[in-house]
Amino acid sequence: MNKTKRKIFETSLKLFSEKGYDATSIEEITATVGVAKGTLYYHFNSKEEIFNFLVEEGMKLLINSIEIKISKCDNTLDKIKAVSLIQLKAVLKYENLLTIVLSQTWGNESRNVFCKQKVIEYIDVIQGIVQEGVDNGDIVNCNAEVLASEIFSLTCSTLIYKRKTGIEQINIHDLYNEYEKTLFNKIV
């Protein structure tokens, strides 16, 4: 991604997260980036295309992080722990992306459907890990789809916790230890 496209990407991510999709205009994006509309349209055909690019690339990044991390794990529980830790770290590093995706999963407009699809694809990755654990006897026999959704909910609940407490820098390891005491002990 070239420098200008990256700047459009980062600015749009920030504006969509802070103001919402509908309240963010192309004019505001170009003014904040400091480029002409023609430059923006050279990289993206519309605000919707910018949005879809943000979501697509962001969710790919999270899935790739999971695949890399779990490839080094020996058993399913370690894989689930790795996924959970990645999600906690993502809340800090990609809070704007997660805010956008989660806020747009409700409704029936094309961007809502797109965000729902990306979240479902992400949960399906987790579900595959859980199902593997159930099949191998590494974790308790359970509904893999439900448990995968619960694991994904750590992302949502961590965002809410962060906003509720007003803590800018959550101690990921302390929070992870809390999850380890409750969630992980229940599935083995």
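So is ASN96 surrounded by fewer than 16 Cβ atoms within 10 Å (Cβ to Cβ) and of a type in the set (S, T, N, Q) or not? No; evaluated as a whole, the condition is false for this residue. Applying a threshold of 8 Å to beta carbon distances and a minimum spacing of six or more residues, or different chains, the list of pairs starting in the range 107-134 at a residue that is in contact (Cβ under 8 Å) with a residue 40 or more places away in the chain and closer than 25 Å to SER46 by Cα and ending at one that is polar (S, T, N, Q) and part of a helix (DSSP H, G or I) reads ARG111/ASN52; PHE114/ASN52. Somewhere in the range 38-56, is a residue free of Cβ contacts under 8 Å to residues at least 40 places away in the same chain, outside the structural domain of LEU15 (by TED's automatic domain parsing) and under 27 Å from ASN171 (Cα atoms)? Looking through the range 38-56, none of the residues is free of Cβ contacts under 8 Å to residues at least 40 places away in the same chain, outside the structural domain of LEU15 (by TED's automatic domain parsing) and under 27 Å from ASN171 (Cα atoms).
Return the residues of the range 24-69 that are charged (D, E, K, R) and crowded, with 16+ Cβ neighbours inside 10 Å; say none if nothing qualifies.
LYS47, LYS69
The values are calculated or read from the model by the stated rules, or taken from the named source; none is laboratory data. Only a predicted model underlies this, so the values are computations on that prediction, with no experimental measurement involved. Note that we place each Cβ from the backbone using ideal geometry, even for glycine, and neighbour counts take in every protein chain shown.
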